[in-house]
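The values are calculated or read from the model by the stated rules, or taken from the named source; none is laboratory data. Model, not experiment: these values are computed from the prediction. Cβ atoms come from the backbone with ideal geometry, glycine included; neighbour counts cover every protein chain shown.
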Amino acid sequence: MTFRASQPVSEFIHSKGGTQELIFIMNAFGLIPTGLILLCTTTTSCLWCNHLPLQQRKVIQNSLQLLDKMGNKFPQQCLKEKMFFSFPEQVLNPRQKESVKVAIEEIFQHIFYIFSRNLTLAAWDGAALEQFQNGLYQQIEQLEACVIKKQTHSFRRKDVSRLKLKKYFQKIDYFLRDKQHNLCSWEISRAEMRKCLQMIDNVIWKLNS
(Lines give C-alpha, C1' and ligand atoms only; values in the text may rest on other atoms or scores of the structure.)
Protein backbone atom coordinates (compact mmCIF):
# COMPACT_ATOMS: atom_id res chain seq x y z
CA MET A 1 0.00 0.00 0.00
CA THR A 2 1.25 3.46 -0.90
CA PHE A 3 0.17 6.69 0.79
CA ARG A 4 -1.42 9.25 -1.55
CA ALA A 5 -2.60 12.84 -1.13
CA SER A 6 -4.78 14.70 -3.60
CA GLN A 7 -3.42 18.19 -2.84
CA PRO A 8 -0.03 19.17 -4.34
CA VAL A 9 2.69 19.59 -1.74
CA SER A 10 3.39 23.15 -2.87
CA GLU A 11 -0.24 24.18 -2.27
CA PHE A 12 -0.41 22.41 1.09
CA ILE A 13 2.82 23.92 2.38
CA HIS A 14 1.79 27.35 1.14
CA SER A 15 -1.59 27.29 2.83
CA LYS A 16 -1.01 25.20 5.96
CA GLY A 17 1.83 25.21 8.40
CA GLY A 18 1.97 22.34 10.84
CA THR A 19 1.70 18.73 11.69
CA GLN A 20 -1.78 19.29 13.15
CA GLU A 21 -3.02 19.82 9.57
CA LEU A 22 -0.91 16.91 8.34
CA ILE A 23 -2.47 14.55 10.88
CA PHE A 24 -5.98 15.83 10.06
CA ILE A 25 -5.53 15.25 6.33
CA MET A 26 -3.98 11.82 6.83
CA ASN A 27 -6.89 10.81 9.04
CA ALA A 28 -9.33 12.12 6.43
CA PHE A 29 -7.76 9.78 3.89
CA GLY A 30 -7.86 6.89 6.35
CA LEU A 31 -4.08 6.55 6.22
CA ILE A 32 -3.48 6.15 9.95
CA PRO A 33 -5.54 4.97 12.91
CA THR A 34 -6.21 7.54 15.60
CA GLY A 35 -4.28 5.46 18.10
CA LEU A 36 -1.03 6.22 16.30
CA ILE A 37 -1.25 9.93 17.11
CA LEU A 38 0.93 9.98 20.21
CA LEU A 39 1.39 13.09 22.29
CA CYS A 40 3.94 13.69 25.04
CA THR A 41 1.41 13.49 27.85
CA THR A 42 3.15 11.16 30.28
CA THR A 43 6.39 11.32 32.21
CA THR A 44 7.69 8.29 30.35
CA SER A 45 7.04 9.76 26.90
CA CYS A 46 8.53 13.12 27.88
CA LEU A 47 11.68 11.42 29.12
CA TRP A 48 11.78 9.52 25.84
CA CYS A 49 12.09 12.88 24.04
CA ASN A 50 15.55 13.27 25.55
CA HIS A 51 16.68 10.33 23.43
CA LEU A 52 15.07 11.65 20.23
CA PRO A 53 18.34 12.69 18.50
CA LEU A 54 19.75 9.16 18.82
CA GLN A 55 16.46 7.74 17.53
CA GLN A 56 16.47 10.23 14.65
CA ARG A 57 19.91 9.19 13.50
CA LYS A 58 18.86 5.55 13.49
CA VAL A 59 15.72 6.33 11.50
CA ILE A 60 17.60 8.51 9.02
CA GLN A 61 20.21 5.82 8.47
CA ASN A 62 17.42 3.32 7.93
CA SER A 63 15.68 5.76 5.55
CA LEU A 64 18.87 6.12 3.52
CA GLN A 65 19.11 2.33 3.25
CA LEU A 66 15.47 2.16 2.15
CA LEU A 67 16.06 4.82 -0.50
CA ASP A 68 18.80 2.61 -1.91
CA LYS A 69 16.63 -0.49 -1.60
CA MET A 70 13.71 1.12 -3.45
CA GLY A 71 15.40 1.00 -6.81
CA ASN A 72 18.55 0.17 -8.68
CA LYS A 73 21.55 2.41 -9.34
CA PHE A 74 20.89 5.79 -10.90
CA PRO A 75 19.91 5.14 -14.55
CA GLN A 76 22.51 6.29 -17.05
CA GLN A 77 19.82 7.59 -19.41
CA CYS A 78 18.73 10.07 -16.72
CA LEU A 79 22.11 11.77 -16.36
CA LYS A 80 21.31 14.34 -19.05
CA GLU A 81 18.22 15.44 -17.11
CA LYS A 82 19.91 16.00 -13.74
CA MET A 83 18.88 19.16 -11.90
CA PHE A 84 20.54 21.36 -9.28
CA PHE A 85 17.98 22.13 -6.56
CA SER A 86 20.27 23.86 -4.04
CA PHE A 87 19.13 22.87 -0.54
CA PRO A 88 19.09 25.93 1.83
CA GLU A 89 21.67 24.67 4.32
CA GLN A 90 21.37 27.79 6.49
CA VAL A 91 18.04 26.55 7.91
CA LEU A 92 20.00 23.75 9.60
CA ASN A 93 22.36 25.98 11.57
CA PRO A 94 23.68 23.81 14.47
CA ARG A 95 23.96 26.91 16.69
CA GLN A 96 20.14 27.19 16.74
CA LYS A 97 19.29 23.80 18.20
CA GLU A 98 15.54 24.17 18.76
CA SER A 99 14.99 25.91 15.42
CA VAL A 100 16.82 23.04 13.73
CA LYS A 101 14.40 20.54 15.29
CA VAL A 102 11.42 22.40 13.87
CA ALA A 103 13.13 22.79 10.49
CA ILE A 104 13.75 19.04 10.38
CA GLU A 105 10.09 18.40 11.17
CA GLU A 106 9.03 20.60 8.26
CA ILE A 107 11.55 18.97 5.94
CA PHE A 108 10.16 15.54 6.79
CA GLN A 109 6.64 16.80 6.05
CA HIS A 110 7.73 18.04 2.63
CA ILE A 111 9.54 14.79 1.81
CA PHE A 112 6.56 12.74 3.00
CA TYR A 113 4.18 14.55 0.66
CA ILE A 114 6.51 14.40 -2.33
CA PHE A 115 6.98 10.67 -1.83
CA SER A 116 3.26 10.00 -1.40
CA ARG A 117 1.82 11.01 -4.77
CA ASN A 118 1.95 10.08 -8.47
CA LEU A 119 4.40 7.24 -7.95
CA THR A 120 3.07 5.00 -10.74
CA LEU A 121 6.08 5.52 -13.00
CA ALA A 122 8.69 5.39 -10.24
CA ALA A 123 9.15 1.61 -10.64
CA TRP A 124 10.31 1.22 -7.04
CA ASP A 125 10.03 -1.64 -4.58
CA GLY A 126 6.64 -1.15 -2.91
CA ALA A 127 7.57 -2.61 0.47
CA ALA A 128 10.70 -0.44 0.78
CA LEU A 129 8.72 2.64 -0.25
CA GLU A 130 6.04 1.99 2.35
CA GLN A 131 8.64 1.49 5.08
CA PHE A 132 10.27 4.76 4.01
CA GLN A 133 6.94 6.60 4.24
CA ASN A 134 6.14 5.09 7.63
CA GLY A 135 9.55 6.06 9.01
CA LEU A 136 9.07 9.66 7.89
CA TYR A 137 5.61 9.87 9.41
CA GLN A 138 6.79 8.45 12.74
CA GLN A 139 9.53 11.06 12.87
CA ILE A 140 7.00 13.84 12.16
CA GLU A 141 4.85 12.54 15.04
CA GLN A 142 7.77 12.33 17.44
CA LEU A 143 9.12 15.76 16.60
CA GLU A 144 5.67 17.31 16.93
CA ALA A 145 5.32 15.75 20.38
CA CYS A 146 8.77 16.79 21.62
CA VAL A 147 9.42 20.24 20.17
CA ILE A 148 8.54 22.99 22.65
CA LYS A 149 5.61 24.99 21.26
CA LYS A 150 6.98 28.39 22.21
CA GLN A 151 10.18 27.66 20.35
CA THR A 152 8.19 26.19 17.47
CA HIS A 153 6.21 29.39 17.10
CA SER A 154 9.42 31.39 17.30
CA PHE A 155 10.79 29.48 14.32
CA ARG A 156 7.56 29.86 12.37
CA ARG A 157 7.88 33.62 12.60
CA LYS A 158 11.15 33.38 10.70
CA ASP A 159 9.43 33.62 7.34
CA VAL A 160 12.67 33.91 5.41
CA SER A 161 13.89 30.50 6.55
CA ARG A 162 10.51 28.88 5.97
CA LEU A 163 10.23 30.46 2.54
CA LYS A 164 13.61 29.07 1.55
CA LEU A 165 12.50 25.56 2.51
CA LYS A 166 9.21 25.96 0.63
CA LYS A 167 10.96 27.18 -2.50
CA TYR A 168 13.40 24.29 -2.41
CA PHE A 169 10.69 21.64 -2.22
CA GLN A 170 8.42 23.50 -4.63
CA LYS A 171 11.23 23.40 -7.15
CA ILE A 172 11.37 19.61 -6.80
CA ASP A 173 7.58 19.35 -6.98
CA TYR A 174 7.41 21.54 -10.10
CA PHE A 175 10.20 19.52 -11.70
CA LEU A 176 8.30 16.27 -11.11
CA ARG A 177 5.09 17.75 -12.52
CA ASP A 178 6.88 19.24 -15.52
CA LYS A 179 8.31 15.80 -16.30
CA GLN A 180 4.89 14.21 -15.66
CA HIS A 181 6.38 12.20 -12.79
CA ASN A 182 8.32 9.99 -15.18
CA LEU A 183 10.98 7.49 -14.13
CA CYS A 184 13.95 9.86 -14.52
CA SER A 185 12.30 12.69 -12.57
CA TRP A 186 11.66 10.31 -9.67
CA GLU A 187 15.21 8.94 -9.77
CA ILE A 188 16.61 12.47 -9.72
CA SER A 189 14.34 13.35 -6.80
CA ARG A 190 15.33 10.18 -4.96
CA ALA A 191 19.00 11.12 -5.31
CA GLU A 192 18.23 14.66 -4.08
CA MET A 193 16.35 13.39 -1.03
CA ARG A 194 19.30 11.18 -0.21
CA LYS A 195 21.55 14.26 -0.09
CA CYS A 196 18.96 16.08 2.00
CA LEU A 197 18.75 13.29 4.59
CA GLN A 198 22.54 13.02 4.74
CA MET A 199 22.76 16.73 5.58
CA ILE A 200 20.20 16.31 8.36
CA ASP A 201 22.15 13.35 9.72
CA ASN A 202 25.35 15.42 9.78
CA VAL A 203 23.61 18.28 11.61
CA ILE A 204 22.10 15.96 14.23
CA TRP A 205 25.55 14.49 14.81
CA LYS A 206 27.01 17.99 15.32
CA LEU A 207 24.22 18.94 17.73
CA ASN A 208 25.04 15.98 19.95
CA SER A 209 28.82 15.75 19.61
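Residue by residue, here is whether (1) more than 26 Å from Ala145 (Cα to Cα); (2) touching a residue at least 12 places away in the same chain (Cβ under 8 Å); (3) surrounded by 19 or more Cβ atoms within 10 Å (Cβ to Cβ) holds:
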| position | (1), (2), (3) |
| --- | --- |
| Lys58 | no, no, no |
| Gln61 | no, yes, no |
| Lys69 | yes, yes, no |
| Phe74 | yes, yes, no |
| Gln77 | yes, yes, no |
| Met83 | yes, yes, no |
| Ser86 | yes, yes, no |
| Arg95 | no, no, no |
| Phe108 | no, yes, yes |
All conditions in (1) at pLDDT below 85; (2) under 18 Å from Asn134 (Cα atoms); (3) more than 16 Å from the chain's Cα centre (by Cα) are true of Asp68 except (1)
Screening Arg190, Arg157, Arg177 for residues that are modelled with pLDDT under 85, of a type outside the set (Phe, Trp, Tyr) and either over 16 Å from the mean Cα position of the chain (by Cα) or closer than 26 Å to Lys69 by Cβ (or both) leaves only Arg157
Residues in segment 131-148 that are surrounded by fewer than 21 Cβ atoms within 10 Å (Cβ to Cβ) and either farther than 15 Å from Val59 by Cβ or touching a Gly at 6+ places or on another chain (Cβ under 8 Å) (or both) total 1
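Take the residues in segment 173-209 that are touching a residue at least 60 places away in the same chain (Cβ under 8 Å) and acidic (Asp, Glu), then tell me which one is nearest to Ile114 (Cα to Cα).
Among residues in segment 173-209 that are touching a residue at least 60 places away in the same chain (Cβ under 8 Å) and acidic (Asp, Glu), the one nearest to Ile114 (Cα to Cα) is Asp173.
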